[in-house]
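Student: Sending over a structure as structure tokens; questions will come in a sec.
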Amino acid sequence: MRTKIIRIYIITSLLLIAALSYSFFTNLKFRQEVARERFNEDVVSFFNEVCLGGEEGGSRITRKWGSEMRLYIVKDSAYSQQVEKIKEVVKDANKLFSDGFKISLVTDSAKANSYIVLSSHENLVQFPRFGNELGGMNERFFGHFTYNFTKDTITNSVIYVNTGKPFKMQRNAIVEEIVQSLGMGNDTDVYNNSIFFQHKYSAGLDTPTWSKMDEQLIKILYHPKMQVGLNRVQTVPLVNEILEELK
């Protein structure tokens, strides 16, 4: 009789453990699914905030490069640390593109379609070629970008990094302005760990590389399915579709 009771106790315990385990893993899977859906919603909202249009206005639609970006470094001094940071950003960014686009550093300015100017504000007069693009700069600027486009496809760009600022801020500006010149032209007030965070300089934040959310935006904009000229209504289903492929 005692043996029978023990067997019943063991069987009951095993069934209870199995039921609890099933409930735990079912709830865990549900929580993971909810978290993933919330993350996707956040990415879609963030994409539409950052990737539609630019800081200087214009149509709120997607734009990106349609051919290789050939980047030439213009500088008023050697700037070895800054140059190494540019190389690092280019190398890391190229790993995120999947639509055939790439950034190449070129040593012949005549072959470039993009220029990154490393200069203090007072030395910008040494580069009259970029007067139209950088004429509005003042000493308060940490960095700046501008691009031209044809039928919403970016064709050329100019990037500026103010080397009169502390190196940490220059480093942050290099990352932000290069990435923004790819078509991610707006800042955000939401994510303070993002390279696009509008108040990072005034808050003394350090963003030497992109966040997980920033990385998703780069991958999405330069995914083969992403098109130029899309508005926020058109991007929602497409961004969700691309996120499913990227997970």
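Student: Only one of I174, I154, I159 is in a strand (DSSP E or B) and touching a helix residue (DSSP H, G or I) at 6+ places or on another chain (Cβ under 6 Å); which? I'd like the intermediate steps shown before the answer.
Tutor: Details: I174 fails: in a strand (DSSP E or B); I154 fails: touching a helix residue (DSSP H, G or I) at 6+ places or on another chain (Cβ under 6 Å).
Only one candidate qualifies: I159.
Student: What's the number of the only condition in (1) within 11 Å of the chain's Cα centre (by Cα); (2) crowded, with 17+ Cβ neighbours inside 10 Å; (3) on the phi < 0 side of the Ramachandran plot that I154 fails to meet?
Tutor: Single failed check for I154: (1).
Student: Do you know which of the residues in the stretch 220-247 that are without any contact (Cβ under 8 Å) to a residue 12 or more places away in the chain and loosely packed, with under 13 Cβ neighbours inside 10 Å is farthest from G53 (Cα to Cα)? Spell out the reasoning first.
Tutor: Kept after step one, since they are without any contact (Cβ under 8 Å) to a residue 12 or more places away in the chain, are these residues of the stretch 220-247: 233-234, 237, 244.
Checking which are loosely packed, with under 13 Cβ neighbours inside 10 Å leaves us with 233, 237, 244.
On the way: V233: 14, P237: 19, E244: 25 Å.
Ranking the candidates gives E244 first.
Student: If you scan the stretch 180-196, which residues turn out to be of a type in the set (A, V, I, L, M, F, W, C) and in contact with an Asp or Glu (Cβ under 7 Å, 6 or more places away or on another chain)?
Tutor: Step one: of the stretch 180-196, the residues of a type in the set (A, V, I, L, M, F, W, C) are 182, 184, 190, 195-196.
Listed by number, the residues that qualify are I195, F196.
Student: Something else: Which residue is farthest from M169 (Cα to Cα), if the candidates are limited to the stretch 204-221 and must be more than 8 Å from the chain's Cα centre (by Cα) and part of a loop (DSSP other than H, G, I, E, B)?
Tutor: The residue in question is T209.
Student: All but one of (1) under 28 Å from L221 (Cβ atoms); (2) touching a strand residue (DSSP E or B) at 6+ places or on another chain (Cβ under 8 Å); (3) not β-branched (V, I, T) hold for L124, so report the exception by its number.
Tutor: (1)
Student: Within the stretch 121-135, can one find any residue that is part of a loop (DSSP other than H, G, I, E, B), exposed (fewer than 14 other Cβ atoms within 10 Å of the Cβ), of a type outside the set (V, I, T) and in contact with a helix residue (DSSP H, G or I) (Cβ under 9 Å, 6 or more places away or on another chain)?
Tutor: So the first thing to find is which residues in the stretch 121-135 are part of a loop (DSSP other than H, G, I, E, B), and the list is 127, 135.
If we keep only those that are exposed (fewer than 14 other Cβ atoms within 10 Å of the Cβ) too, we end up with 135.
Going one step further and asking which of them are of a type outside the set (V, I, T), we end up with 135.
Filter once more, so that each one left must be in contact with a helix residue (DSSP H, G or I) (Cβ under 9 Å, 6 or more places away or on another chain): 135.
Taking every residue of the stretch 121-135 in turn, at least one turns out to be part of a loop (DSSP other than H, G, I, E, B), exposed (fewer than 14 other Cβ atoms within 10 Å of the Cβ), of a type outside the set (V, I, T) and in contact with a helix residue (DSSP H, G or I) (Cβ under 9 Å, 6 or more places away or on another chain).
Student: Only residues that are buried (at least 16 other Cβ atoms within 10 Å of the Cβ) and either in a loop (DSSP other than H, G, I, E, B) or charged (D, E, K, R) (or both): list them for the stretch 136-151, please. Let's see the steps before the verdict.
Tutor: First, pick out the residues of the stretch 136-151 that are buried (at least 16 other Cβ atoms within 10 Å of the Cβ): 137, 141-147, 149.
Passing the criteria: M137, F141, F142.
Residue by residue, here is whether (1) touching a strand residue (DSSP E or B) at 6+ places or on another chain (Cβ under 8 Å); (2) modelled with pLDDT under 95; (3) of a type in the set (A, V, I, L, M) holds:
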site	(1), (2), (3)
N148	yes, yes, no
I178	yes, no, yes
H199	no, yes, no
D206	no, yes, no
W210	no, no, no
L221	yes, no, yes
V236	no, no, yes
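The values are calculated or read from the model by the stated rules, or taken from the named source; none is laboratory data. Computed from a predicted model, the values in this text were never measured in an experiment. Note: ideal-geometry Cβ built from the backbone for every residue, glycine included; neighbour counts use all protein chains shown.
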